[in-house]
Amino acid sequence: MSVFRHPGRHRVAVLVRHGLLPLELGIPHRVLGQARSAAGEPLYSVATCSPTPGAVRTDADFTVDVPHGPEALAEADTVLVPASHGPDEPYARGALEPPLAAALERVRPGARIASICTGAFVLAAAGLLDGRRATTHWASCARLQRLFPDVRVDPDVLYVADGPVWTSAGVASGIDLCLHMVREDFGAAVANAVARRTVVPPHRDGGQAQFVERPVPEPGTSGTGAARAWALKHLERPLTLRELAEREAMSVRTFTRRFRAEVGVSPQQWLTRQRVERARQLLEETDLPVDRVAADAGFGSASALRAHLQTALGVSPSAYRRTFRATATRTAGTATTAGTTAGTAAG
């Protein structure tokens, strides 16, 4: 009997092990489970599985009863591997326990596979990260690089999507990873709706370097939050660094330094990201011509929008609009016609 009983939905198998962090198990169920079509129908079907079904110990004072075994992996469009407290980091290449290694071998070709936090060590030990860019919790990045020199470890990002293999940093970055999945699978509008319902930002700024322990700022030190909030309301304008610095009564040099320390990227990188997100929203939700989308997002011209969208997403504005308008049509159809396809996974 199939583990997934809703053929029109994207199938996600969450592979858990003893030592599971309960919060990490809840993230995909909550975030992906909140994704809905225009007609309000669920877009994902999420199932929890284990190499051996039954009681799985957590790092808290309770166990989780997991009904499904590795057969779920053979059906899944996406496989997600959360961290396991303790056992993850001793892994080396080819050192997975036989039941876990055998379970991963059942993942079907073409499926997307992702990890949260130190779950990346499992993917690396299985050889899935060789030659790929990846990340994990900032405190474990150096060890991941030492154990697996063929992996291109990036310690300063919240998540990495390298082809069909995705990795994320510490626990909460699993939320960022899952929201990015929704965004890639069904568009920014659906992801933004999930973020609102979950009461989290649809896209966190910067990387995980901002969370590494460092001296506490002096009392009274001002930040750059007001300038960022103001910029988001005026993205259509040709904003300058001096203009943003003046909003905080700082010199350009001080503002730039403080902005990077708070956000993890430069002001210009942040502005470009916000403008890309604005353009995605307008392409999905409006019929505005590309020139107008470019102007409203602050890119100034259609050619500039095309260049930035190509760099960020690898597609043109018209191709992006066709893809997610078609996805919206399919997901709406799922609610009214039994058996139709809700959408396909990116990657």
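The values are calculated or read from the model by the stated rules, or taken from the named source; none is laboratory data. Every value quoted in this text rests on a predicted model; they were computed, and no experiment measured them. Cβ coordinates were reconstructed from backbone atoms using ideal geometry, including for glycine residues, and neighbour counts include every protein chain displayed. Surface areas here come from the heavy atoms of the whole protein model, side chains and all, with no ligands, DNA or RNA. Shrake-Rupley method; radii C 1.70, N 1.55, O 1.52, S 1.80 Å.
From Cα pairs below 8 angstrom and at least 6 apart in sequence, can you work out the relative contact order of the stretch 228-279, rounded to a whole percent? Numbers along the way, then the final one.
Values: 24 pairs, mean separation 15.5, N = 52.
Here the relative contact order equals 30 percent.
DSSP loop (so not H, G, I, E, B), at most 13 other Cβ within 10 Å: list which trypsin sites (Lys or Arg not before Pro) in the stretch 240-273 pass both filters.
When the trypsin sites (Lys or Arg not before Pro) of the stretch 240-273 are filtered for loop state and at most 13 Cβ neighbours within 10 Å, nothing remains.
Within the chain, what whole-number % of the accessible surface is contributed by carbon and sulfur, with the 1.4 Å probe and all protein chains included in the calculation?
Details: 8510 of 15760 Å².
Whole-percent figure for carbon plus sulfur exposure: 54.
Per residue of the stretch 43-53, in order, report the coupling 6.51 cos²θ - 1.76 cosθ + 1.60 (Karplus, θ = phi - 60°) as ³J(HN,Hα) in whole Hz, putting x for Gly and Pro.
For the stretch 43-53, the Karplus-derived couplings read 9, 10, 10, 10, 10, 9, 9, 8, x, 9, x Hz, x marking Gly and Pro.
With every protein chain present, what is the per residue accessible area of the stretch 43-188 (1.4 Å probe, Å²)? Walk me through the numbers before you get to the answer.
Working: 5340 Å² over 146 residues.
That works out to 37 Å² per residue.
Take every Cα pair under 8 Å in the chain that's 6+ residues apart, average their separations, divide by the length, and report that relative contact order as a whole percent.
It rounds to 16 percent for the chain.
List, in order, the whole-Hz ³J(HN,Hα) value for each residue of the stretch 9-14 obtained from phi through the Karplus relation with A = 6.51, B = -1.76, C = 1.60 and θ = phi - 60°; use x for Gly and Pro.
9, 6, 8, 10, 10, 9
Can you work out ³J(HN,Hα) from phi for every residue in the stretch 132-144, in order, using Karplus 6.51 cos²θ - 1.76 cosθ + 1.60 and θ = phi - 60°, giving whole Hz and x for Gly and Pro?
With the stated coefficients, the stretch 132-144 comes to 10, 7, 8, 9, 7, 3, 4, 6, 10, 4, 5, 5, 4 Hz.
If you average the alpha carbon positions of the stretch 253-310 and of the stretch 162-176, how far apart do those two centres end up, in angstrom?
Comparing the Cα centres of the stretch 253-310 and the stretch 162-176, I get a distance of 23 Å.
Could you rank Phe324, Phe62 by how accessible they are, 1.4 Å probe, largest area first? Kindly include the intermediate steps, with their values, before the conclusion.
Details: Phe324 25, Phe62 95 Å².
Highest to lowest solvent-accessible surface, that is Phe62, Phe324.
Just to verify a number: what accessible area does Val46 come out at with the full protein assembly present, 1.4 Å probe, Å² rounded to tens?
In the full protein context, Val46 sits at about 40 Å².
Taking amide H positions as placed in the peptide plane 1.01 Å from N, state which residues far from Ala172 in sequence (5 or more) or on other chains have amide H under 5 Å from it.
So Ala172 has HN proximity to no qualifying residue.
What label, among [x] 21.2, 65; [y] 23.0, 76; [z] 20.4, 71, belongs to Rg and Dmax of the Cα atoms in Å computed from the structure on display?
So the structure-derived entry is [x].
Amide H neighbours of Asp162 under 5 Å, at least 5 residues apart or on other chains, H built in the peptide plane: list them.
For Asp162, whose amide H was placed from the backbone, the distant partners under 5 Å are Thr167.
Per the helix-only calculation at 222 nm, which mean residue ellipticity applies to the chain, given -39500 (n - 2.57) for every DSSP H run of n ≥ 4 and division by its residues, nearest 500 deg cm²/dmol?
Rounded to the nearest 500, the figure is -13000 deg cm²/dmol.
What dipole magnitude, in Debye to the nearest 20, does the chain give about its Cα centre under +1 on Lys/Arg Cβ and -1 on Asp/Glu Cβ?
Dipole about the Cα centre, nearest 20: 800 debye.
Amide H to amide H under 5 Å from Arg204: which residues, 5+ apart in sequence or cross-chain, H placed 1.01 Å off N in plane?
none
Ignoring the sites themselves, what is the longest stretch of the chain with no GluC sites (Glu not before Pro) in a DSSP loop and at most 12 other beta-carbon atoms within 10 Å?
Between the exposed loop sites, the longest stretch runs 214-347.
Provide Ser115, Ser251 ordered by accessible surface of protein heavy atoms (probe 1.4 Å), highest first.
I get Ser251, Ser115, largest accessible area first.
From Cα coordinates alone, what are the radius of gyration and Dmax values for the stretch 233-282 in angstrom?
11.5, 34
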